[in-house]
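Step one of this worksheet: look at the structure below.
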Amino acid sequence: MLNRLVTTIVQFPQYIVRHPQFIFSLLLIIIIPVAFLVTGQQFLQVASENQERLEKDKIGIMHDVFVQLVLQNTNNPERLQREIETIVSQNPDLRKFRVVEATPEGLKILAAFNEEIVGSYEQETDLYNFSSVETDDSLIFEYFNGEVRYWQAFRSLKAPDGSMFFVFTETSFELTDQLFSNRIQEAYYWLIGILLIVMFLAYRHLRLIDYSFLYREAQDSISTRDLFTNMVTHELRAPLTAIRGYASMIHENNEVEFTVREQALKIEQSSDRLLLIVNDLIEVARLQSGRLKVEKTETDICKVIREAVGALEGTARDKAINLTTDLQSSECTIVTDGKRLAQILTNLVNNAIKYTEAGAISVVLKVHTKDVEIRVQDTGMGISAEDQKKLFAPFFRVESKDVSKITGSGLGMWITKQLVTLLEGEIEVESIKNVGTHVVLKLPKQ
């Protein structure tokens, strides 16, 4: 575990060099949450300042109302007491309320929320005296009792007869602060949620970086593989052609001993099979690299079919197979690539010959309104439904004792499928085991 951690730390700078977008993802994880946090703190600070200002304004307004009540009820303490009780009942945050009169004996409480202290004298008089310096504004002090915040506010006023009065209130902000705290907590929850989303997006981004990097590596590997395959197959084709030629010369030379000629024939046959595989690999490399192009022109498909079938008549005759064509139309011209079509038909007919031990093979042409249908049908061994699903996969070959001696690379049908796609056509298989196979090729007329 420790060795793995050390290896990861050592390879981390190399990882950053190979994945420069990793830094961007890392910045996303750090900058966005920090930006949210800083912005949130600024909003909270502004909100707190606004809240404090509004609370002070509210207290100032209340004191203005209380001053008017005191001036109107200086000679009626009972009514003043009732008014105080009414106001306090409508303001649950208001915990203390007193009206105090300055007398020679001290500061006497004329009215209070707590009626038991009415008529007594205030012991702490400093804050009252401070408030008398400014009679137009309330003097507000903040203090804490445990975790609860309180504001004590004092306002002095002078009656027309010269008497000095004071209004004292104590306001609790427990509910307000609790509500504010809940909102802050919710904001942090949202921040954590956003942080998790950003981390998930950054993780996905990092995975995409890895996928992109792996994709580029895979593309480079594929390009290298295609280049290597192309080079090797081209290099193999020349000596194989030479081996086949020399073997053919020995086989056809009547002056050579029969045994040597038979061995030369086997060399020639093996070279033919190997050359077919090399040609298939070259074709695959050209298809995968996108270098195989099609040139569509007006093409006489009847002529293409006859030539492809004619080239394979000898192979079919050697196996006592009746190879025929059925061109049921006089309209044989379509727009396609005749060379690629000939290659497709050669592959299909040759495949039918290989997998048909005896019987007949027919190439049937049907012309429809928008497309043409070429059907290569044989009476061979047929293909099971399960194998039909894999028929056009690369390197797939039907596995059974009946085909164990049939050679091939397993690329012929895959190449055929790719060529049909390039010609914008469709190919499908209809087959019944031990009955025969129909390969249906459909090409657009235009």
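Descriptive notes on the structure:
- Note on Phe66: accessible area approximately 10 square angstrom, rounded to 10, probe 1.4 Å, nucleic acids and ligands left out.
- Per residue accessible area in Å² of the stretch 93-156, where ligands, DNA and RNA are left out and the probe is 1.4 Å: 59 Å²
- Surface calculation, 1.4 Å probe, protein heavy atoms: Thr224 sits at approximately 90 Å² accessible.
- Ordered from highest to lowest accessible area with the whole protein assembly present and a 1.4 Å probe, Ile192, Ile140 read as Ile192, Ile140.
- Solvent-accessible ranking of Asp161, Asp93, Asp337, Asp64, largest area first, probe 1.4 Å: Asp161, Asp64, Asp93, Asp337
- Computed with a 1.4 Å probe over protein heavy atoms only, the accessible area of Leu275 comes to about 30 Å².
- Of the residues Trp151, Trp414, Trp190, ranked by 1.4 Å probe accessible area with the largest first, the sequence reads Trp190, Trp414, Trp151.
- Separation of the stretch 66-98 and the stretch 413-428, taken as the distance between their Cα centroids, equals 97 angstrom.
The values are calculated or read from the model by the stated rules, or taken from the named source; none is laboratory data. Just so you know, these numbers come straight off a predicted model, no measurement behind them. Accessible surface is based on the protein model in full, side chains and every heavy atom, while ligands, DNA and RNA are left aside. Shrake-Rupley method; radii C 1.70, N 1.55, O 1.52, S 1.80 Å.
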